[in-house]
Amino acid sequence: AQSVTQLGSHVSVSEGALVLLRCNYSSSVPPYLFWYVQYPNQGLQLLLKYTSAATLVKGINGFEAEFKKSETSFHLTKPSAHMSDAAEYFCAVSDQGGSEKLVFGKGTKLTVNP
Amino acid sequence: GAVVSQHPSRVICKSGTSVKIECRSLDFQATTMFWYRQFPKKSLMLMATSNEGSKATYEQGVEKDKFLINHASLTLSTLTVTSAHPEDSSFYICSAPGLAKNIQYFGAGTRLSVL
């Protein structure tokens, strides 16, 4: 069974500050890992994904995440927050068997203060 | 790029009525689609996997007679909430795998409010 834990349901940063959203996973098989962003009353947009290639993954909007197997982590970072980054962020895992099923974390709401 | 269209975006209905939500893949075919439910301030929970031309696969604890899924074509899956009750009020989101492996495209979601 797979699971995802996102530490911190709410994260607040100042505009221009570093964004760090934490995600730890549990998987009995090699995982694929994803970060999605959700704006209010909208669906999910893929930010980036890890699929067993490079451990440092760069995504859209300046976000990146690093897969650390030893720490079972896949934290999302952005060097400088913009007001437009305020949204809900979800970490998700699927197995590499290709079932395509995603297991989501509970989400982290990011607030960016001016 | 691949787009998934979900309709309606918002629906308000009376208790006891049924509501149908459509999920369409635009410009690509989807033999599989996924239906998620998102409770307020909580994560997305997979409800079922919709399979074109065959029965849907429901996750444990999801009532298949309550949430009817039909995937009659390669571009359309529907979720019908039958005899809706206030506890069915939620945000429902569909997704479809794209051409690239392990990339899913999500619909914009449907906010269901049952009075």
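Computed from the coordinates by the stated procedures, all read-outs in this text should not be read as laboratory data. In this text the structure is predicted, and so the values were computed from the model without any measurement. Cβ coordinates were reconstructed from backbone atoms using ideal geometry, including for glycine residues, and neighbour counts include every protein chain displayed.
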Which whole number gives the average, over all residues in A:101-107, of C-beta atoms from other chains lying within 10 Å of the residue C-beta?
5
Do you know the relative contact order of chain A, to the nearest whole percent, from alpha carbon pairs under 8 angstrom that are 6+ apart?
37 percent
Within the stretch A:25-44, backbone nitrogen closer than 18 Å to the virtual label 7 Å beyond the Cα of residue B:59 toward Cβ:
A:25-28, A:32-38, A:43-44
Average beta-carbon neighbours from other chains, 10 Å sphere, peptide A:39-45
6
